[in-house]
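**Student:** Handing you a structure now.
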Amino acid sequence: MCVTGGYAISQLKPEWHIHGWLGSVIGFGFGGLLIGFDEMVKGFSLRAFSAATFGLILGTVIAWMVDSSGIFQFSENPTRWLIRLSLFLSFSYIGIVLAMRSNKEDFSLIIPYVRFASQSKPENLMVLDTSVIIDGRIADVIDAGFLEGTIVVPRFVLHELQKIADSSDPIIRARGRRGLEMLTRLQQNKRNEVKIHDADFPVEQEVDAKLVRLSRNLGARLYTNDYNLGKVAELQSVSHFNLNSLAAALKPVILPGEVLSLRVVREGKDKGQGIGYLNDGTMVVVNQGQPLIGQQAAVKVLSLLQTGAGVIVFADIHNPPAPH
């Protein structure tokens, strides 16, 4: 744009530059200066700019008061000009440095009864992927007040949910409709705002890659139940949250000797065994529990076996001692 502007100016004002290429070169140099200035001010916040401006004004006022006091009126004009220049530059620099090093509480000493407080709160963005929406537990966690922030649902995730809901397979179609119902439930929760984000990344073909890239661009946390997606996000330094990991961490610790109450639902592999399940899905093998199939029983934990699929609990029927 600067090159084009330089060339156009040279054509509109031929008395400035006869050659159009010279105007293009000047425009190119001006564009380079703009880019250099942009690199210099990166990371320079609005608060720092406001503090620097306040310090500059304060230093200039003090320098003007000193200059107006008349202590330099007997000096010669060239010398007085140099003194005034040094005075204004020095006090302006000191004012800028002191203002940028101070915090917001220090301003109340200069301007009584006025306190500068930030009115904006850091925005906690939560990007949801398809798996965590269909799962539905994220809605329960948010309703319970454990997660606060702005829920971000990418437009391409909505398209994927709609595609799943329109599937010819009844099981897949039910999953897609459940995901849409969960989104409706999240929108009805007044505690957390739900935003539909229209950003898309045509370069990325996979939805998972788009989710990681969007989370990185927004500085948001990615919520997912996909273990592999979480690892990819971790490799790219994107904060992620796996609900399955949270559920595993919140599982109650079962120790030998504890008494549990559960429903025996079916037979076990060995003769006389019954199988029951805890609320978190942990399988309990009950010795001599076959006669109790379909009934609620109290069992006493004997041992635990860690397998690749989880923990298997072995227990006996608990018979409390009869009262004397």
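The values are calculated or read from the model by the stated rules, or taken from the named source; none is laboratory data. This is a predicted model, so every value here is computed, not measured. Backbone-built Cβ (ideal geometry, glycine too); neighbour counts: all protein chains shown. Heads up: the accessible areas ignore ligands, DNA and RNA and are worked out on the full protein's heavy atoms, side chains in. Shrake-Rupley method; radii C 1.70, N 1.55, O 1.52, S 1.80 Å.
**Student:** Identify, from the list 145, 55, the residue that is open to solvent by less than 60 Å² (accessible area, probe 1.4 Å), modelled with pLDDT of 75 or more, out of contact with any strand residue (DSSP E or B) (no Cβ under 9 Å at 6 or more places or on another chain) and part of a loop (DSSP other than H, G, I, E, B).
**Tutor:** Selected residue: 145, the only one of 145, 55 that is open to solvent by less than 60 Å² (accessible area, probe 1.4 Å), modelled with pLDDT of 75 or more, out of contact with any strand residue (DSSP E or B) (no Cβ under 9 Å at 6 or more places or on another chain) and part of a loop (DSSP other than H, G, I, E, B).
**Student:** Related question: Across the range 270-300, what is the number of residues that are under 17 Å from residue 311 (Cβ atoms) and either part of a helix (DSSP H, G or I) or open to solvent by 70 Å² or more (accessible area, probe 1.4 Å) (or both)?
**Tutor:** 3
**Student:** I'm told residue 231 meets every condition in (1) in contact with a Leu (Cβ under 6 Å, 6 or more places away or on another chain); (2) open to solvent by 20 Å² or more (accessible area, probe 1.4 Å) except one. Can you identify the failing condition by its number?
**Tutor:** Condition not satisfied by residue 231: (1).
**Student:** Working carefully through the options 95, 70, find the one that is in a helix (DSSP H, G or I) and not aromatic (Phe, Trp, Tyr).
**Tutor:** That would be 95, the only listed residue that is in a helix (DSSP H, G or I) and not aromatic (Phe, Trp, Tyr).
**Student:** In this structure, does residue 310 turn out to be under 41 Å from the mean Cα position of the chain (by Cα), more than 30 Å from residue 124 (Cβ to Cβ), modelled with pLDDT of 90 or more and surrounded by 13 or more Cβ atoms within 10 Å (Cβ to Cβ)?
**Tutor:** So residue 310 fails the test.
**Student:** All but one of (1) out of contact with any strand residue (DSSP E or B) (no Cβ under 8 Å at 6 or more places or on another chain); (2) farther than 14 Å from residue 128 by Cβ hold for residue 208, so report the exception by its number.
**Tutor:** Failed condition: (2).
**Student:** Here's a follow-up. Can you name the number of the only condition in (1) of a type in the set (Val, Ile, Thr); (2) within 30 Å of residue 311 (Cα to Cα); (3) surrounded by fewer than 16 Cβ atoms within 10 Å (Cβ to Cβ) that residue 224 fails?
**Tutor:** (3)
**Student:** Test residue 164 against the criterion of being of a type outside the set (Ser, Thr, Tyr) and at pLDDT 90 or above, and give yes or no.
**Tutor:** Spelling it out, residue 164 is indeed of a type outside the set (Ser, Thr, Tyr) and at pLDDT 90 or above.
**Student:** Among the residues of the range 166-201, write down those that are more than 23 Å from the chain's Cα centre (by Cα) and either surrounded by fewer than 13 Cβ atoms within 10 Å (Cβ to Cβ) or under 18 Å from residue 125 (Cα atoms) (or both).
**Tutor:** Result: 166, 168, 169, 170, 171.
**Student:** Further question: Among the residues of the range 24-48, which ones are at pLDDT below 75 and of a type outside the set (S, T, N, Q)?
**Tutor:** Passing the criteria: 40, 41, 42, 43, 44, 46, 47, 48.
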